[in-house]
Amino acid sequence: MRLQRRRADEPEINLTSLIDVVFLLLIFFMVATTFERETQLNVELPEASGEAIAAEGTVVEVTIDAEGRYYVNQQEVVNTRIDTLTRAMQRAAGDHAQPKVILSADRKTPHEAVVRAMDAAGQLGYVHITIATAKPDGED
């Protein structure tokens, strides 16, 4: 009876170390990747000249789209009534008595919607209100 021997010159591939290297590369790229926060709202800001300010501390961002719908910190407000908007802003501010309010209104937003948002902030006693604008073309 003849025993078949394995030939000594047959190459053998050990995949264990290759899998380890690929796994480490995967972890490296997952940790090193920066995720860009993109807004789901498409708002065209009106143009104006002015200096950019830094928003420090608690910020309540009120976005108003072209149809006059409100979004507080990227969450849509159920309706356009001022009491609903006031509660949403108060919930977004949390325990902070004087948050900075940033109004980002689409250039086609009805004027009444912007005034209602400013009135809601005023009813809550928020006095640090900024209206977001875009720089005109040609300005840096």
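Could you go through the stretch 56-72 and let me know if any residue there is assigned to a helix (DSSP H, G or I) and either modelled with pLDDT under 85 or in contact with a strand residue (DSSP E or B) (Cβ under 7 Å, 6 or more places away or on another chain) (or both). No, every residue in the stretch 56-72 fails to be assigned to a helix (DSSP H, G or I) and either modelled with pLDDT under 85 or in contact with a strand residue (DSSP E or B) (Cβ under 7 Å, 6 or more places away or on another chain) (or both).
Residues that are polar (S, T, N, Q) and surrounded by fewer than 10 Cβ atoms within 10 Å (Cβ to Cβ) were ranked within the stretch 1-48; the one that is modelled with the highest pLDDT is SER17.
Candidates are the residues of the stretch 81-120 that are in contact (Cβ under 8 Å) with a residue 60 or more places away in the chain and surrounded by 19 or more Cβ atoms within 10 Å (Cβ to Cβ); the one that is nearest to the chain's Cα centre (by Cα) is SER104.
The values are calculated or read from the model by the stated rules, or taken from the named source; none is laboratory data. Keep in mind the model is a prediction, meaning the values are calculated, not measured. Neighbour counts are summed over all protein chains in view; Cβ atoms, including those assigned to glycine, are modelled from backbone coordinates with ideal geometry.
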